[in-house]
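Undergrad: One structure, as structure tokens, below. Some questions next.
The values are calculated or read from the model by the stated rules, or taken from the named source; none is laboratory data. Everything numeric in this text was worked out from a predicted model, so none of it was measured. Reconstructed Cβ throughout: ideal geometry from the backbone, glycine too, with neighbour counts over all protein chains shown.
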Amino acid sequence: MAKRKKNTLTNSSKILTYIAWTLAVIALLLSSLAAGYYFGYADAKEDIHKKEKLKNQKRVAMLKRVEEATKHTKATVNERLKQVLQKEDTKKELPKCEVLTNQLNEGASHEFDDSSLAKAPLELNRRPIIISTKPKLAIIIDDMSLKSQVDAVKSLGLPLTMSFLPPRAARPNSAILASKENFYMVHLPMEAQNFPKEEPFTLHSEDSQSIISQRIKDLKKLFPRVEYINNHTGSKFTSNERSMNRLIFALKNQHINFIDSRTTAKTQAEKVMGNFGLKYVARDIFLDHHMDKAYIKVQIKKAIKIAKVHGTAIAIGHPHINTLQALNESKGLFKDVDLVYINRLY
């Protein structure tokens, strides 16, 4: 009996010894794993730190090289605008009748028959309103027809509505340029009382309904996504009620909205559009009837003031260097309004 008890104790002791050794081995393995993880993590962390440090050193070195390479050639935004506008394609010889003077030096490229229209003409017909939302201002840039103009306008980073002239021999790519934009207008030439630079696509007051309708259909083929047009010149055409009836009829059939540039105080557009049950929309102010930059800045302030008083306003400018520079230098003023494309105005 004593011998059996002794054997039992011996076996128990062996089992405990095995368990102790097993636990010791497991503890050793766990310690090794923990140590490996710690040192591996530390090594990985150190490696990441070294890579980040090297990356930052390379970035700083690159910035220093760029700064060194450009320190003598830095241009202001205004200088870049001028450079872009002057990059016109001179490789092909243009017909003499199509050559235009440099837009940086020429006078205003629009017309109106009454100097008082430099003021906000619609203030006579609009009453101040109380608005609960931020006033909206749309700025249309007329006479768009060159890639250099498009690049210059877009470089401002402002939602400016570009209005493209129909193609002509000297400016054949206007419709192609427009097709690359998400939104655009068409600047439709119309007969003026007295304007020396008539465009080939110009509508005349004696044109029949069939001629005008066909011209608008052709326009839609050139600019398939056009939803808005405004008149280029047009003091004679828009002051003729019969002509405007024919035009609005043709535009309505093609689902195109008309915006009156108001090149004359005698415009019949408001009356005719009322007869068709359409909302009359017109520009409030020209920004660059005079090409002086200080004058243009004053006009921009007036446009913002009109928007604040009436809730909305439309200003029209052109892709002249002084106009674009004035817009660039007036960016801080636009915080008081929502500067929007024309299709977001109403």
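Undergrad: Name the single residue that is surrounded by the fewest Cβ atoms within 10 Å (Cβ to Cβ) among those in region 293-346 being touching a Pro at 6+ places or on another chain (Cβ under 8 Å) and not in a helix (DSSP H, G or I).
TA: The residue in question is 340.
Undergrad: Is it the case that some residue within region 225-236 is aromatic (Phe, Trp, Tyr), assigned to a helix (DSSP H, G or I) and out of contact with any Lys or Arg (no Cβ under 9 Å at 6 or more places or on another chain)? Let's see the steps before the verdict.
TA: Start the filter on region 225-236 by keeping residues that are aromatic (Phe, Trp, Tyr), which leaves 228.
From the residues that got through so far, the ones that are assigned to a helix (DSSP H, G or I) too are none.
No, region 225-236 contains no residue that is aromatic (Phe, Trp, Tyr), assigned to a helix (DSSP H, G or I) and out of contact with any Lys or Arg (no Cβ under 9 Å at 6 or more places or on another chain).
Undergrad: Within region 228-251, does at least one residue satisfy the condition of being within 27 Å of the chain's Cα centre (by Cα), on the phi > 0 side of the Ramachandran plot and surrounded by fewer than 23 Cβ atoms within 10 Å (Cβ to Cβ)?
TA: No, region 228-251 contains no residue that is within 27 Å of the chain's Cα centre (by Cα), on the phi > 0 side of the Ramachandran plot and surrounded by fewer than 23 Cβ atoms within 10 Å (Cβ to Cβ).
Undergrad: Checking the condition of a type in the set (Gly, Ala, Ser), under 22 Å from residue 225 (Cα atoms) and modelled with pLDDT of 95 or more, which residue from 294, 250, 303 passes?
TA: Working: 294 fails: under 22 Å from residue 225 (Cα atoms); 303 fails: under 22 Å from residue 225 (Cα atoms).
Every option except 250 fails the conditions.
Undergrad: Still on this structure, please answer the following. Being within 22 Å of the chain's Cα centre (by Cα) and surrounded by fewer than 23 Cβ atoms within 10 Å (Cβ to Cβ) is the filter here; which residues of region 167-206 pass it? Even if it seems obvious, please write down each step before you answer.
TA: First, the residues of region 167-206 that are within 22 Å of the chain's Cα centre (by Cα): 167, 171, 173-188.
Once the filter is applied, which keeps residues that are within 22 Å of the chain's Cα centre (by Cα) and surrounded by fewer than 23 Cβ atoms within 10 Å (Cβ to Cβ), region 167-206 yields 167, 171, 173, 175, 176, 177, 179, 180, 181, 182, 183.
Undergrad: Any residue that is more than 23 Å from residue 232 (Cα to Cα) and among the basic types (Lys, Arg) - is there at least one of those in region 274-289?
TA: No, because not a single residue in region 274-289 is more than 23 Å from residue 232 (Cα to Cα) and among the basic types (Lys, Arg).
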